[in-house]
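Have a look at the structure below before the remarks.
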Amino acid sequence: MKWNYYTPTFLIDKYVSPNTSAFNGHRNFSYDLVRNKKPKLVVELGTYSGVSYFSFCQAVKDGKIPTKCVAIDHWKGDPHTDKYEEDIYIKVKEISDIEFPKISTLMRTTFDEAVSSFEDNTVDILLIDGYHTFESVKHDYVTWLPKLSINSIVLFHDICVKKDDFGVYKLWEMLKKQYPSIEFDHSYGLGVLYPKGCNDQFIINQQDEFKKVYEK
């Protein structure tokens, strides 16, 4: 496939500074991923202020793609993020309602409670960015694996963080030895995994080119 690079304007920037999110450095890639892959369903586990999530929504809106995006978070925080103030969720809902009403669905619940709302083999892109201990991220991955479609993509944020009890990097090191993948080292790291097969070897072969473009 041909990979197109875009220069989007992110509508969320009118409401929230992108610097509120450690994901900021990856949103151009996540935007381009959706524009190029044209998934039917994108699910994000762990949304916070919406910087990552609304990059997906922006791609759908700009590309006029018939994609549904779902953000799942209880917006209460965890030991790594501390407690969330209620105004964070209120702002995310405002952006969702105003800018992406036909694209975005917010589910204010836990990941485990939400999983039964999705049919097996339907999620095309899954971003896992919740509680970052090894046990938690592994649980999220295993729990949601049946929901992934064939040739689906799983994104893992914070694969380069090795402080305290962060453990995403441990799971990532295991998974990337088993499945096709690429990875980025900037903005705390992003892993891109094909756990159910890859019909798009082009992306895997673009690792070096992607690093030149996106790791700025």
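Laboratory data are not the source of any read-out in this text; all were calculated from the coordinates shown. Everything numeric here is computed off the predicted structure, so don't read it as measured data. Every residue, glycine among them, receives a Cβ derived from its backbone with ideal geometry; neighbour counts consider all protein chains shown.
Across the chain, where is the longest run that never hits GluC sites (Glu not before Pro) in a DSSP loop with at most 16 other C-beta atoms within 10 Å? Walk me through the numbers before you get to the answer.
Numbers: sites that count: Glu85, Glu119, Glu215.
Longest stretch, sites excluded: 120-214.
Can you list the residues, at least 5 places off or on another chain, whose amide H is less than 5 Å from the amide H of Asn151, using H built in the peptide plane?
The answer is Lys196, Gly197.
For Lys162, list the lysines whose Cα falls under 29 Å from its own Cα; do not include residues on the same chain fewer than 8 positions away.
Correct list for Lys162: Lys76, Lys83, Lys138, Lys147, Lys170, Lys176, Lys177, Lys196, Lys211, Lys212, Lys216.
Sort 189-195, 126-132, 13-19 by the packing proxy (mean of other Cβ within 10 Å over each peptide's residues), most packed first.
126-132, 189-195, 13-19
Which residue fluctuates most in the GNM of the chain (Cα springs below 10 Å): Tyr31, Tyr48, Tyr188?
Per the Cα network of the chain with a 10 Å cutoff, Tyr188 tops the list.
Ordered by residue, what ³J(HN,Hα) values in Hz, to whole numbers, does segment 192-200 give under the Karplus form 6.51 cos²θ - 1.76 cosθ + 1.60, where θ = phi - 60° and Gly and Pro are x?
After applying 6.51 cos²θ - 1.76 cosθ + 1.60, I find 10, 10, 10, x, 10, x, 9, 9, 9 Hz.
Placing +1 at every Lys and Arg Cβ and -1 at every Asp and Glu Cβ, with all other atoms neutral, what dipole size does segment 17-214 have around its Cα centre, in debye to the nearest 20?
Using Cβ point charges on Lys, Arg, Asp and Glu, segment 17-214 gives about 620 debye.
Please arrange Phe56, Phe210 by counting, for each residue, the other beta carbons lying within 10 Å of its beta carbon, fewest first.
Lowest count first: Phe210, Phe56.
Check which residues have an amide H placed less than 5 Å from Val70's amide H, if you skip close sequence neighbours.
For Val70, the qualifying residues are Val42, Val43, Glu44, Thr105.
Before anything else, pin down the relative contact order of the chain: Cα pairs under 8 Å, at least 6 apart, normalised by residue count, whole percent.
18
Just subtract the alpha-carbon distance of Thr20 and Lys38 from 0.36 nm times their residue separation and send over the number in nm, one decimal. Before the final figure, lay out the partial values.
Working: separation 18, 0.36 × 18 = 6.48 nm, distance 2.74 nm.
Full extension from Thr20 to Lys38 adds 3.7 nm.
So, by mean Cβ neighbours within 10 angstrom, what's the order for 154-160, 200-206 with the highest one leading? The partial results should precede the final answer.
On the way: 154-160: 23.7, 200-206: 14.1.
For the peptides 154-160, 200-206, the packing ranking is 154-160, 200-206.
To the nearest Å, what is the center-to-center distance of segment 120-167 and segment 174-216, using C-alpha atoms only?
Computed from Cα coordinates, the inter-centre distance equals 14 Å.
Mind telling me which of Ser136, Ser96, Ser181 comes out most flexible in a GNM of the chain, alpha-carbon contacts under 10 Å?
Ser136
Order of Ser117, Ser152, Ser187, Ser52 from fewest to most other C-beta atoms within 10 Å? Present the calculation step by step, with values, prior to reporting the outcome.
Numbers: Ser117 12, Ser152 23, Ser187 19, Ser52 26.
Ascending number of Cβ neighbours within 10 Å: Ser117, Ser187, Ser152, Ser52.
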